[in-house]
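**Q** Questions regarding the structure given below will be posed in turn.
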Amino acid sequence: MTGRTPGEETRLAAVLVMPAMAGAAPPGVDPGDFLAAIAEDTYELLAGLDFVTPVLVTGVPELEEIVWPGTPVVEIDPGLSGGALTGAAFTAVSEAVPYGRQLVLVSGDAPDLPPLLIGKLFRELGRASIAVCPAAGGGAVAIAAHLPYPEWAETGFDDPDPVRSLRASAPGRRMVATGPGWHRLRTPGDIGWLDPGLEGWDNTRDLLAAGRA
């Protein structure tokens, strides 16, 4: 983002944080602290991207403390789910940050997501309307799209096969692309996906270490 003005920005990257994500906290770790830690780590990987405006989309109150000053914070109905949640999040961000032309929406329970995968989704938008980073075990880690978000796209982050669903509803065969997959922390057992050798996810790492102490 350095050296650019809001009018010049076209790429947005938003972390989507919903209350249910706290349910993946392992025993001995406060769910609220866990939610804040994974959300902050996911946000920070987006905030570190060059020429991308980071955004927080949240159904959790008082979470704006995890973001850098000046970051747009978009509140969303915490009761939404599925395709309704995805569509509402894209719409809310495009209204709050009207200069955005492309948006990658990232699930807030992916604290160790490599930034390179976000770049690959933006690259896929050069030939497609929507691009998906699939999640291990089904669902999506991130969904990227040109703005405004297509009306035919009604898939949620927990759809068992979001790429297949989107391609089934798309008006053209090549409108939906897929990038490399990753994992999310949806249950306490998913903590095992985290690789201590990867850089980043410091808040989650420290919190889990304290919980084991």
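The values are calculated or read from the model by the stated rules, or taken from the named source; none is laboratory data. Quantities reported herein were computed from a predicted structural model and do not represent experimental measurements. All Cβ positions, even for glycine, are placed from backbone atoms using ideal geometry, and neighbour counts span all protein chains on display.
**Q** Can you pull out every residue in segment 126-139 that is of a type in the set (A, V, I, L, M) and either over 18 Å from residue 12 (Cα atoms) or without any contact (Cβ under 8 Å) to a residue 24 or more places away in the chain (or both)?
**A** Answer for segment 126-139, where residues must be of a type in the set (A, V, I, L, M) and either over 18 Å from residue 12 (Cα atoms) or without any contact (Cβ under 8 Å) to a residue 24 or more places away in the chain (or both): 135, 136.
**Q** List the helices (runs of 4 or more DSSP H) that sit entirely inside segment 76-169 and contain at least 3 residues that are of a type in the set (Val, Ile, Thr).
**A** Helices (runs of 4 or more DSSP H) meeting the threshold: 82-96.
**Q** Before we move on, is residue 23 over 22 Å from residue 91 (Cβ atoms), more than 11 Å from the chain's Cα centre (by Cα) and in a helix (DSSP H, G or I)?
**A** In short, yes.
**Q** Within segment 63-75, which residues are farther than 22 Å from residue 85 by Cα and either part of a helix (DSSP H, G or I) or in contact (Cβ under 8 Å) with a residue 12 or more places away in the chain (or both)?
**A** 65, 68
**Q** Somewhere in segment 83-96, is a residue farther than 24 Å from residue 146 by Cβ, crowded, with 22+ Cβ neighbours inside 10 Å, in contact (Cβ under 8 Å) with a residue 12 or more places away in the chain and of a type in the set (A, V, I, L, M)?
**A** No, segment 83-96 contains no residue that is farther than 24 Å from residue 146 by Cβ, crowded, with 22+ Cβ neighbours inside 10 Å, in contact (Cβ under 8 Å) with a residue 12 or more places away in the chain and of a type in the set (A, V, I, L, M).
**Q** Could you list all residues from segment 173-213 that are assigned to a loop (DSSP other than H, G, I, E, B), more than 20 Å from residue 46 (Cβ to Cβ) and without any contact (Cβ under 8 Å) to a residue 12 or more places away in the chain?
**A** Within segment 173-213, 173, 196, 197, 213 qualify.
Rundown of residues vs (1) farther than 17 Å from residue 157 by Cα; (2) surrounded by 24 or more Cβ atoms within 10 Å (Cβ to Cβ); (3) touching a strand residue (DSSP E or B) at 6+ places or on another chain (Cβ under 7 Å), yes/no style:
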residue	(1), (2), (3)
36	yes, no, no
60	yes, no, yes
99	yes, no, no
104	no, yes, yes
109	no, yes, no
112	yes, no, no
123	yes, no, no
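**Q** Run down 62, 75 and say which single residue is over 16 Å from residue 41 (Cα atoms), modelled with pLDDT of 95 or more and of a type outside the set (Phe, Trp, Tyr).
**A** 75
**Q** Quick test of your reading of the structure: residue 60 fulfils all but one of (1) touching a residue at least 40 places away in the same chain (Cβ under 8 Å); (2) out of contact with any Lys or Arg (no Cβ under 9 Å at 6 or more places or on another chain); (3) of a type outside the set (Ser, Thr, Tyr); (4) farther than 22 Å from residue 112 by Cβ. Name the failing condition by number.
**A** (4)
**Q** Also, I was wondering about something else. Out of the residues in segment 190-207 that are of a type outside the set (Val, Ile, Thr), touching a helix residue (DSSP H, G or I) at 6+ places or on another chain (Cβ under 9 Å) and at pLDDT 95 or above, which is surrounded by the most Cβ atoms within 10 Å (Cβ to Cβ)?
**A** The qualifying residue surrounded by the most Cβ atoms within 10 Å (Cβ to Cβ) is 201.
**Q** On the basis of being touching a residue at least 24 places away in the same chain (Cβ under 8 Å), under 25 Å from residue 67 (Cα atoms) and buried (at least 19 other Cβ atoms within 10 Å of the Cβ), does residue 119 make the cut?
**A** No: the conditions fail for residue 119.
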